[in-house]
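Peer 1: Here it is, the structure in full.
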Amino acid sequence: MPLTGRLKAALKAIRHLKSELVLCHQDGSPLTQSAIEAALRFGCKRAGLRSIGSHVLRHTFCSHLAMRGAAPKAIQELVGHSTLTMTLRYRHLAPSALCEAMDLLNLGGRWAAR
């Protein structure tokens, strides 16, 4: 998954990026899913937060993209959902999506009719 420029710069600043992977061993090789889950549990405990799994992070990522108006197909490709139907579960988080879709039919935009 591509990183935002801001995140990439922050990770480089703390010398975390050892490879193209964010979650990796010191040598840059990928972590296993169980190692990622263990690190997440450890980080939550250390921060005094309730323990969450990586699926919560994935859900949050999809939710924030949907709320910011990302195209469902783009979200699907970024997270690797096998079907668009799975991704469309996040559609309700973008309340402006219907208005924006109808606005496409306004020649002058939303405010032209007012």
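Every number in this text was worked out from the coordinates using simple rules, so none of it is lab data. Since the structure is predicted, the reported quantities are computational estimates derived from the model, not experimental observations. Neighbour counts run over all protein chains shown; Cβ positions are idealised from the backbone, glycine included.
Peer 1: Quick one: if the Förster radius is 25 Å, what FRET efficiency do Leu84 and Val56 give, using the C-beta to C-beta distance and rounding to 0.05?
Peer 2: Between Leu84 and Val56 the formula returns 0.70.
Peer 1: If the chain between Met1 and Arg41 were fully stretched, how many nm would it gain, using 0.36 nm times the residue separation less the Cα-Cα distance?
Peer 2: That pair, Met1 and Arg41, stretches by 12.2 nm at full extension.
Peer 1: Mind listing the phi-derived Karplus ³J(HN,Hα) values for segment 83-90, rounded to whole Hz, using 6.51, -1.76 and 1.60 with θ = phi - 60°, and x for any glycine or proline?
Peer 2: 10, 5, 4, 4, 5, 5, 4, 8
Peer 1: Roughly what would the spin-label model give for Ala13 and Asp103, points 7 Å off Cα along C-beta, in nm?
Peer 2: 3.2 nm
Peer 1: Which number do you get for Rg(Cα) / (2.2 N^0.38 Å) in the chain?
Peer 2: So the Cα radius of gyration is 1.41 times the expected 2.2 N^0.38 Å.
Peer 1: Springs between alpha-carbon atoms under 10 Å, Gaussian network over the chain: tell me which of Gly28, Gly69, Gly48 tops the mean-square fluctuations.
Peer 2: Answer for the Gaussian network model of the chain: Gly48.
Peer 1: Continuing with this model, one more query. Rounded if a/c is under 1.5, else prolate if a/b is larger than b/c, else oblate: which is segment 1-68, with a ≥ b ≥ c the root eigenvalues of its Cα gyration tensor?
Peer 2: Note, shape of segment 1-68 comes out oblate.
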